[in-house]
Amino acid sequence: MDIHVLEATTYTRLKEQGLCDRGIVPDFLGFMRKFDPSLCQPHLRKFLDDEYPPSAIFLEYITSLGMINLRNYTPQRVNNLLKGIRQIHKVLVRHRDSKPRNMMIVKDSSDAESRLARF
């Protein structure tokens, strides 16, 4: 199974089902599959000698995004994360990697309406 295909399919489904528009996951802007890194020099020079061409998924950039941790944990944030996970599951997406590094919050917001980023 190709991880890029799985991720692109997942974000396409999340976008089609409105989860990007509702701020549950970042906006999915598109993807590129197996492109020639020589066309993107000097920025992708590290990919020039790779055996396989790179692929990319483009997501909304959120400036104050951060991983949830014990210092910024609040019951409201965790409740919001759980609500987001339920919405993701409703559109038949299962992440199977629910570690803190995959649960993001907007750092400068502690209220229940804080955006989720990536689950």
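The values are calculated or read from the model by the stated rules, or taken from the named source; none is laboratory data. Bear in mind the structure is a predicted one, so any value in this text is a computation, not a measurement. Virtual Cβ from ideal backbone geometry, glycine too; neighbours counted across all protein chains shown. In case anyone asks, the SASA skips ligands and DNA or RNA and just uses the protein heavy atoms, side chains included. Shrake-Rupley method; radii C 1.70, N 1.55, O 1.52, S 1.80 Å.
Some notes on this structure:
- Taken over region 51-89, the criterion of being open to solvent by less than 80 Å² (accessible area, probe 1.4 Å) and of a type in the set (D, E) is satisfied by E60 alone.
- Considering region 1-36, the residues that are in contact (Cβ under 8 Å) with a residue 12 or more places away in the chain and among the acidic types (D, E) include one that is surrounded by the fewest Cβ atoms within 10 Å (Cβ to Cβ), namely D36.
- Neighbours by Cβ (under 9 Å, 6+ apart or cross-chain): first from region 93-109, more than 14 Å from I68 (Cβ to Cβ) and open to solvent by less than 20 Å² (accessible area, probe 1.4 Å); second assigned to a helix (DSSP H, G or I) and at pLDDT 75 or above: V93/T10; V93/R13; V93/L14
Yes/no matrix, rows are residues, columns are (1) within 26 Å of M104 (Cβ to Cβ); (2) part of a loop (DSSP other than H, G, I, E, B); (3) not small (G, A, S):
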| site | (1), (2), (3) |
| --- | --- |
| C20 | yes, yes, yes |
| L29 | yes, no, yes |
| L39 | no, no, yes |
| D50 | no, yes, yes |
| P53 | no, yes, yes |
| I57 | yes, no, yes |
| I62 | yes, yes, yes |
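Residues are listed down the side, and each one gets a yes or a no for (1) over 29 Å from D2 (Cα atoms); (2) in contact with a helix residue (DSSP H, G or I) (Cβ under 9 Å, 6 or more places away or on another chain); (3) not hydroxyl-bearing (S, T, Y):
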site	(1), (2), (3)
E51	no, no, yes
I57	no, yes, yes
N69	yes, yes, yes
Q76	yes, no, yes
